Each structure stands twice: as structure tokens, then as C-alpha cells.
Amino acid sequence: MSYNCAAVEYDRDFIQSLVKKYLQEQISPPANGKIAIKVATIDPRVTIKPCQTPLQVNIPEKYSGRNVNVKISCSDSTPWKLFLPAKIMTTLPVLIASKNITKGSVLTTDNTKVAFIDSKKIRGERLTDQSTVLGAKAERRIGKGRAISKRSICIVCKGDIVTITAKADNLHIKTQGVAISSGNINDQIRVKNSSSGKVINPKVKAMNQVIINL
């Protein structure tokens, strides 16, 4: 790839910007994600000679991961080349705690937010929609900046009073119960029916709501 430049003398900032622009054009971000590129500073001891032809920028070797060496070269009568390392970080949207959340605290727009996190630091299934956890409770302490996972929260928590909806064909019966275990949307939990005293295994439908098919 080449760039036509009017000037024949190039400073360090220009070449570093040139490399960043090249990498941005070559590397596509993942779906819903972003690419962060950090180009190294050129060693001040390196002399950058003028060039009478457009500078050539390429990646001479296949690369994987986040480290890449970019080659910048001049192909005029007195050719020269230099290599500039760059770090490429892929970031993905993740729901995190915007402040420390203590065990039992309710998740709100004030203590949660979506942030772009280095994909290398993401473990397990990630949550990305803040609206799906609002009103849920923290089952354990979640430190500021830490990702919020399904394992760390509960939409219905042990001890919660829940509305039980029992479905059978066109019949819907509603009653109350007490959650004996915790869970999130579509999780099957144990609930004690307050009227009959019977323990059932419905699925979590929404905040403080469970459903069971008869």
C-alpha cells in the first residue's frame, strides 16, 4: 500500500500516524466491537531520510494476536526502511459495575454501565444489555470496573416473594410463593407455594415472577 505525499521529508509523528491509518484500514473490528491501536514511538536516535517516492507501508509477515511489526520503506535511488511495532487490542461491550456493589444491593442505572473491555480479559458469557439486569440483586460483592455475570446476580433471589403463574392450555392460575433458590431469566428454581406449602420447580419469567406448565 502506498500514500502519495507532497513532502519528501517526514517527521516521526507523520510516520506514526501513517502506520495507525494503515492498520485501521487493514483490520476490521468484530461485530459490535472496536479496535484500539497503539503505535510505538520511533526511537529518537533513528534518522529519517527524505524520500523522492511515496512511502510504502505493509505487514511483511503473518501475525496473530495483538503485536505486529509494520514495515515502512522508501524505494527511491537511496532506499531505506524501518520497522515500527504496534499493539492491536480488540474490545467488546460488557456490562460492568460503575461503582462497588455490595452483596444484596439492587442493580440500577447508577451502579452499572456498558464499557468496552479488552477481549482477552473477558471470561465466560458476557452481558451487554443494562436493561435486562435493572432491579436484579447482587449475589456477591462486585468491585468497581468488574464485569457483571449471570452468576453474580439473581433476577429472583432466595427468600423473594414471587408471583407463580401456572399454565394449562387456556387456563392461567396465579398465586404467591417464596423462592427457595435463586436464578435468572429462564432458569429453573425451587419455589414454595404459600397456599399449599408444596415445593415446585418453575422457571424465572421476570423480576419476582415465575411460571410453571401443569
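Couple of notes before you dig in:
- Area of Ile122 that stays accessible when all protein chains are in place (1.4 Å probe, Å², to 10): 40
- Charge tally around Lys144: other residues with Cβ under 14 Å, Lys/Arg +1 each, Asp/Glu -1 each, net +3.
- Amide N proximity, segment 155-182 versus Ser195 label position 7 Å along Cα-to-Cβ, cut-off under 18 Å: 161-179
- In this calculation the C-beta distance from Gln24 to Lys99 is compared with R0 = 30 Å, giving a FRET efficiency of 0.35.
- Entry for log10 I(q)/I(0) by the Debye sum over Cα atoms at q = 0.07, 0.10, 0.12 Å⁻¹ (calculated from the structure that is shown) out of (1) -0.21, -0.43, -0.62; (2) -0.43, -0.64, -0.75; (3) -0.24, -0.48, -0.68: (2)
- Remark: segment 182-192, residue by residue, has Karplus-estimated 3J(HN,Hα) of 10, x, 10, 3, 6, 6, 8, 10, 9, 9, 9 Hz, where x stands for each Gly or Pro and the curve is 6.51 cos²θ - 1.76 cosθ + 1.60 at θ = phi - 60°.
- Spin-label model, Asn67 to Thr53: label points 7 Å out along the Cα-to-beta-carbon direction sit 3.1 nm apart.
- Here the contact order of the chain, divided by its residue count and restricted to Cα pairs under 8 Å and six or more residues apart, works out to 13 percent.
- Segment Ser17-Asn208, length gained on full extension (0.36 nm per residue, minus Cα span): 63.4 nm
- Segment 6-49, relative contact order in percent, only Cα pairs under 8 angstrom and at least six apart counted: 54
- Estimated FRET transfer efficiency when R0 is 25 angstrom, pair Val46-Asp118 (beta carbons, to 0.05): 0.25
- Taking the C-alpha atoms only, the angle from helix 12-26 to the longest principal axis of the chain is near 50 degrees.
The values are calculated or read from the model by the stated rules, or taken from the named source; none is laboratory data. Please read these numbers as outputs of a predicted model, since none were measured by experiment. Quick reminder, even Gly has a Cβ in these numbers, built from the backbone with ideal geometry, and neighbours come from all protein chains shown. Just so you know, the surface numbers come from the protein's heavy atoms only, side chains and all, with ligands and any DNA or RNA stripped out. Shrake-Rupley method; radii C 1.70, N 1.55, O 1.52, S 1.80 Å.
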